[in-house]
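Step one of this worksheet: look at the structure below.
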Amino acid sequence: MIHFVLLIVCAVAIYLSCEWFVNAVEWLGERLNVGKMAVGTILAAFGTALPESVVTLVAVTTGGTEEAKNIGVGAAMGGPLALATVAYGITGVALLVKRRRDRAAAPATGAALVPASAALGTEKDMRRLAKDQKWFLPIFFVKVSLGLVAFAFKPTLGVLFFAAYAAYFWREIRASRADEAAGDEGDDEEEELEALKIQPKKASPDTWAVVAQTLATLVVIFFAAHYFVAQLDVIGPMLGLSATVTALLLSPIATELPEIMNAIIWVRQGKVKLALANVSGSMMIQATVPSGIGLLFTKWHFDGPLLWSGLVTMAAIVYLLLTMRAHRLTPARLAVAAGFYAVFAVGLVPLLA
């Protein structure tokens, strides 16, 4: 019973910390002048994914056994899968709930009604989001392909994954700043930043306070998320799930919980672009940084479950990419992405038998 209580406590701690984190990171983006969209794709994504990358680094460099190193490889594959399916799916559900609540409140507020089936954002928004997926897909394809072959200089290719993220980083910063200069960002979303949580009476908080709140919340998120995973590792067998199933099915979702919480909070605040940008930016980090670490320090060889996770991830991204390019991405269609995780779970049964 205590493990279930601790699981709930950790989930609440992650949510509240993410609430403070997104509040601080928006101010940090304003101070660094990175542009509004880069707050989601770069700052928030990098902040929540960095601790996970550190865990991967520790696992593959200090692991005394091959099994310990394989944990790092599994994390490098599980993260993108959870983001491409569950994170996008939950964001879609959150958008559906918000639109229904907005419609219910519309008669009292006089606000314009947005149909539940309306596409997310403008055609330009979809092109930009699709561009993130087009960056992700070829990188992820190479990442999976390398897990199927063996050759002498394969470890050195890990450096290319770091270079790929560096290129994405600078592209996002330039594009975000250019859009902001042209007045293309945030045209349908709230521009006013909420007061910093630790300085609520200041219209413009001190920079030290912005940095302090950002770092403090990241520390809490890091420890709460990993304690959450630890509780799942105990609860899984209690529910009759094997350690392997828990690691492959539940742990990836738990690890990506901060990114999911960020997206839910931004949807609740009406900042849909930031919510979607946070997920796509987190996917780019997960496709490059942990992969680069894994290639440098492990054999990077995939078994059946890892290959299956890669195939399902790519299928989910192809589905989303085609929907975005057709400008037909609605909350309901975004929620469908979560179904790919169910497909992954069903496909695991014969692989683990």
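The values are calculated or read from the model by the stated rules, or taken from the named source; none is laboratory data. None of the values given here were measured: they were computed from a predicted structure. Note: ideal-geometry Cβ built from the backbone for every residue, glycine included; neighbour counts use all protein chains shown.
Quick notes on this structure:
Conditions (1) at positive phi; (2) of a type in the set (A, V, I, L, M, F, W, C), marked per residue:
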| site | (1), (2) |
| --- | --- |
| Ile2 | no, yes |
| Leu6 | no, yes |
| Gly29 | no, no |
| Gly35 | yes, no |
| Leu50 | no, yes |
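- Residue, farthest from Ala263 (Cα to Cα), within segment 25-63, restricted to residues that are in a loop (DSSP other than H, G, I, E, B) and modelled with pLDDT of 80 or more: Asn33
- Of the residues making up segment 285-297, not a single one is on the phi > 0 side of the Ramachandran plot and touching a helix residue (DSSP H, G or I) at 6+ places or on another chain (Cβ under 8 Å).
Listed here are the residues, each with its yes/no results for (1) acidic (Asp, Glu); (2) more than 21 Å from Leu148 (Cα to Cα); (3) without any contact (Cβ under 8 Å) to a residue 60 or more places away in the chain; (4) loosely packed, with under 13 Cβ neighbours inside 10 Å.
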site	(1), (2), (3), (4)
Trp308	no, no, yes, no
Thr313	no, no, no, no
Leu321	no, yes, no, no
His327	no, yes, no, no
Thr330	no, yes, no, no
Val343	no, yes, yes, no
Leu352	no, no, no, yes
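Residues checked against (1) in contact with a Leu (Cβ under 7 Å, 6 or more places away or on another chain); (2) under 30 Å from Phe4 (Cβ atoms); (3) surrounded by 14 or more Cβ atoms within 10 Å (Cβ to Cβ); (4) at pLDDT 90 or above:
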site	(1), (2), (3), (4)
Trp170	no, no, no, yes
Ala182	no, no, no, no
Gly186	no, no, yes, no
Leu193	no, no, yes, no
Ile198	no, no, yes, yes
Trp208	no, no, no, yes
Leu218	no, yes, yes, yes
Val234	no, yes, yes, no
Gly240	no, yes, no, no
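- Qualifying residue in segment 255-278 (condition: surrounded by 24 or more Cβ atoms within 10 Å (Cβ to Cβ), farther than 19 Å from Val93 by Cα and not hydroxyl-bearing (Ser, Thr, Tyr)): no
- Test: residue in segment 331-348 that is part of a loop (DSSP other than H, G, I, E, B), within 13 Å of Tyr88 (Cβ to Cβ) and more than 16 Å from the chain's Cα centre (by Cα): yes
- Boolean, Phe140 is closer than 26 Å to Leu95 by Cβ and in contact with a Pro (Cβ under 8 Å, 6 or more places away or on another chain): yes
- Hey, Arg328 more than 17 Å from the chain's Cα centre (by Cα), more than 13 Å from Ala84 (Cβ to Cβ), among the charged types (D, E, K, R) and at pLDDT 90 or above or not: no
- Segment 263-289 residues that are over 29 Å from Gly158 (Cα atoms), paired with ones that are aliphatic (A, V, I, L, M) and not in a helix (DSSP H, G or I) (beta carbon under 7 Å, 6 or more apart): Val272/Leu120
- Among the residues of segment 301-325, those identified as under 12 Å from Ala84 (Cα atoms) and not aliphatic (A, V, I, L, M) are Ser309, Gly310, Thr313, Tyr319.
- Gly236 in a helix (DSSP H, G or I) and under 20 Å from Leu160 (Cβ atoms): no
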